[in-house]
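J.: Once you've had a glance at the structure underneath, I'll fire off some questions.
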Amino acid sequence: MRKYNLELAVGVFVIAGFICLGYLSINLGRLEVFGTGYYVIRAEFEKAGGIKPGASVEIAGVEVGRVKSIRLENYQAVVYLSIRNDVKIQEDAIASIRTKGIIGEKYIQITPGGSEVFIAHGGKLRETESAIDLEELLTKYIFGKI
Amino acid sequence: MKKYIINIGARVIQIIRTIGHMFIFLMNSIYFIFSPPFKYRLLLKQIYFIGNKSVVVIILIGSFTGMVLALQIFYTLRKFGSEAMLGPAVALSLIRELGPVLSALTVTGRAGSAITAEIGIMRITEQIDALISMALNPMKYLVVPNMVAAIIVFPLLTAIFDVIGIFGGYLIGVKLLGLSSGTYFSQMKQYIDIVDIEIGLYKSISFGLIVSWISCYKGYYTSYGAEGVSKATTESVVLSSILILIWDYFIGSLYL
């Protein structure tokens, strides 16, 4: 009986610990255990200022995916977006870098297009809109170019 | 004058020798971890001793840490009107720093001292010598189960600590201070990355190794008599705590 109790107690403890670890990493850390529910598309931006891997991708304010990675190709910022499988994106959709609030974090907003053709895995989003550079805007305003 | 210089030199040599001795002990025990036969039964007993018996303390300390964090951070954040960041602030400080460090310090006080005392008493009553004379490896019996158990147990205790702390913060932030529960958790999900959780994990695993290493070493090479064991126990707790805090800083600066 004593032997049985010891194993039971250790088992309960280890399971409780792993449940906590799983909660932390899957729920809070967004670890993708069943990582097949996404497809990747790419979008070329003139300027990807402020966007970081893990930033959210939204359509109409609803999160549909995340930024996977950002690379420099031909002196253009190429942002790879992983989008949920059940969300289809038209090939003439527009991706723009926006800010939440004035000093909030950057995210990518996708404005749906009207085309019948959807972008497949690895496809390219042609229409993009770079981040609004507040400093540049201020400079223009101050020197009267607007 | 010459006497003082000799004195200083002798002390430095002594310190370096101790460090080397401890390191050899560590390498020896790591070697024995991977060499059969494996003592599963002893390992299970040590997991029970270090892990199960610490759970209640960990839950208590975790919940109150989370609650205090939420309370204090809330009043700071309110000055900037950004109470919405309470969730990420509580969760990040728990997962990255406080969870691993506080649970390691707690377990040091609760289990590390007991391990030192146990091994130390076996040393002064010559039970370790008896093991050797029966051609049984004392490292395998006394040190290895403790080390493996600590490396397994520490991350799990830290995870329990983090989760309990986050819910303690939830209790204060949402139920007492009136934040919406959606804000608390969704902001948290937004800001916590898998990297943060990995850092916490690395920290707790290395703390497990440090605590079990120091406790076993101090017990294994205790000086004789009841006084020797009491001194070894004190030293093991103090040294483990210091090393935990120093190592925490190093890992923190490495992974920033």
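The values are calculated or read from the model by the stated rules, or taken from the named source; none is laboratory data. Quick caveat: nothing in here was measured; it's all calculated off a predicted structure. Please note: Cβ atoms are built from the backbone with ideal geometry, for glycine as well, and neighbour counts cover all protein chains shown.
J.: In the range B:161-183, what residues are within 12 Å of another protein chain (Cβ to nearest Cβ) and either more than 24 Å from A:Phe18 (Cβ to Cβ) or buried (at least 17 other Cβ atoms within 10 Å of the Cβ) (or both)?
T.: Matches in the range B:161-183: B:Phe161, B:Asp162, B:Val163, B:Ile164, B:Gly165, B:Ile166.
J.: Next up: Spot the failing condition for B:Lys79; the list is (1) away from chain A (no Cβ under 14 Å); (2) among the basic types (Lys, Arg); (3) touching a residue at least 40 places away in the same chain (Cβ under 8 Å), and only one is missed.
T.: (3)
This table checks each residue for (1) of a type outside the set (Val, Ile, Thr); (2) more than 15 Å from A:Val57 (Cβ to Cβ); (3) modelled with pLDDT of 80 or more.
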| position | (1), (2), (3) |
| --- | --- |
| A:Lys88 | yes, no, yes |
| A:Ser96 | yes, no, yes |
| A:Lys100 | yes, no, no |
| A:Ile110 | no, no, yes |
| A:Gly113 | yes, yes, yes |
| A:Ile119 | no, no, yes |
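J.: Let me ask something else about it. For B:Ile242, state whether it is more than 14 Å from every other protein chain (Cβ to nearest Cβ), of a type in the set (A, V, I, L, M) and closer than 30 Å to B:Gln72 by Cβ.
T.: It is true that B:Ile242 is more than 14 Å from every other protein chain (Cβ to nearest Cβ), of a type in the set (A, V, I, L, M) and closer than 30 Å to B:Gln72 by Cβ.
J.: So is B:Tyr191 within 14 Å of chain A (Cβ to nearest Cβ), at negative phi, more than 26 Å from the chain's Cα centre (by Cα) and buried (at least 20 other Cβ atoms within 10 Å of the Cβ) or not?
T.: Here the answer is no, as B:Tyr191 does not meet what is asked.
J.: When the range B:4-58 is examined, which residues are found to be over 23 Å from B:Met147 (Cβ atoms) and either within 14 Å of chain A (Cβ to nearest Cβ) or in contact (Cβ under 8 Å) with a residue 60 or more places away in the chain (or both)?
T.: B:Val56, the sole residue that qualifies.
J.: Next question, about the same structure. Tell me whether the range B:229-242 contains one or more residues that are modelled with pLDDT of 90 or more, of a type in the set (A, V, I, L, M), in a helix (DSSP H, G or I) and surrounded by fewer than 16 Cβ atoms within 10 Å (Cβ to Cβ).
T.: yes
J.: From the list B:Ser212, B:Ser204, pick out the single residue that is among the hydroxyl-bearing types (Ser, Thr, Tyr), under 19 Å from B:Ile151 (Cβ atoms), away from chain A (no Cβ under 14 Å) and surrounded by 16 or more Cβ atoms within 10 Å (Cβ to Cβ).
T.: The unique qualifying residue is B:Ser212.
J.: What about B:Leu254, is it more than 14 Å from chain A (Cβ to nearest Cβ) and under 30 Å from B:Arg78 (Cα atoms)?
T.: No.
J.: Also, quick follow-up: Exactly one condition in (1) crowded, with 24+ Cβ neighbours inside 10 Å; (2) away from every other protein chain (no Cβ under 14 Å); (3) assigned to a helix (DSSP H, G or I) is not met by B:Thr158; state its number.
T.: Among (1) crowded, with 24+ Cβ neighbours inside 10 Å; (2) away from every other protein chain (no Cβ under 14 Å); (3) assigned to a helix (DSSP H, G or I), the lone unmet condition for B:Thr158 is (2).
J.: Name every residue in the range A:115-146 that is in a helix (DSSP H, G or I) and surrounded by 10 or more Cβ atoms within 10 Å (Cβ to Cβ), in order of residue number.
T.: A:Leu134, A:Glu136, A:Leu137, A:Leu138, A:Thr139, A:Lys140, A:Tyr141
J.: Take B:Ala111 and tell me if it is closer than 25 Å to B:Tyr31 by Cβ, touching a helix residue (DSSP H, G or I) at 6+ places or on another chain (Cβ under 7 Å) and more than 13 Å from chain A (Cβ to nearest Cβ).
T.: Yes.
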